[in-house]
Every structure is written in C-alpha cells, then in structure tokens.
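Coordinate-derived values only; no laboratory data. The shown structure was predicted, so the numbers you read here are calculated from the model rather than taken from an experiment. Glycine also receives a Cβ, built like all others from the backbone with ideal geometry; neighbour counts cover every protein chain displayed.
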Amino acid sequence: MCLLCNKVLGNDDMKPSKLQDHLRRYHPDKTEKDLKYFQTLKDKFQKRPTLDRMFASTSQRNDDGLRASYNISLLIAKTAYYRREVNFASR
Ligand SMILES: [Zn+2]
C-alpha cells in the first residue's frame with residue numbers, strides 16, 4: 001500500500017522500480033523527501049487507530065466491567081450465604 005495516497009498496490013507494484021515509478025508519477029512533490037520522512041509516515045500509519053484496536057480496547061473495558069460485576073455478584077452471594085448460616089445457627 002502506498003502511504004501517501006493509500007492506494008493498494010499489487011505484488012508486482014512492490015518492486016523498487018515500480019515503487020519509484022509510482023512515486024514519480026503520483027507524488028512528484030515527494031521525490032526529494034528523505035528516508036526519515038517516509039519512516040515517519042510509516043510510524044504514523046502503524047500507530048493510527050484501527051477498527052480492530054478500537055474494538056480490542058472496548059472489549060478490554062467490557063471484560064473489566066464483567067469482572068467487576070462478577071466480583072459484586074460473588075460478594076452478594078457470599079454475604080447471603082453467611083446470613084443464612086448465621087440465621088440457621090441462631091435458631
Ligand atoms: Zn501513492
């Protein structure tokens with residue numbers, strides 16, 4: 001994929017000569033940019049929020065919520081059990 005125009009390139013287009021051709025043809029203003037410019041582009045691309053990552057962080061939060069509600073339910077059940085035992089013992 002081209003990081004400048006997000007165009008999906010085929011395997012054939014990934015050859016250095018084809019990539020240079022794409023750069024010259026579609027991004028003539030970027031031909032003089034140095035390697036650091038493209039590495040920054042790549043870093044930004046890799047750190048961009050994706051749908052997968054958004055869902056991953058959401059489900060992580062859901063897991064935390066689920067765990068919290070499980071712990072609360074467990075506490076309620078234990079308390080109820082304890083009260084029943086105390087009531088039973090005091091009869
Ligand atoms: Zn491009």
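Projecting label points 7 angstrom from Cα along Cα→Cβ for LEU41 and SER57 puts them 2.6 nm apart.
When the alpha carbon gyration tensor of the chain is reduced to an equivalent ellipsoid, its three semi-axes come out at 63, 12, 8 angstrom, largest first. Positive end of the dipole of region 49-91 (Cβ unit charges, origin at the Cα centre): among GLY65, LEU75, ALA89, the Cα lying farthest that way belongs to ALA89. Legend: helices of the chain (whole DSSP H runs) are marked when their alpha-carbon atoms reach 30 angstrom or more along the helix axis and their mean Kyte-Doolittle hydropathy is at least -1.0; marked are 51-90. Magnitude of the charge dipole for the chain, about its Cα centre and with charges confined to Cβ atoms of Lys, Arg (+1) and Asp, Glu (-1), is about 300 debye. By the helix-only formula, in which each DSSP H run with n ≥ 4 contributes -39500 (n - 2.57) and the sum is divided by residues, the chain has a 222 nm mean residue ellipticity of -24500 deg cm²/dmol. Working note: Cα gyration tensor of region 49-91, eigenvalues times five, square-rooted, sorted largest first, giving semi-axes of 41, 4, 4 Å. Placing pseudo-labels 7 Å out from each Cα toward the beta carbon at LYS78 and LYS7 gives an inter-label distance of 6.3 nm.
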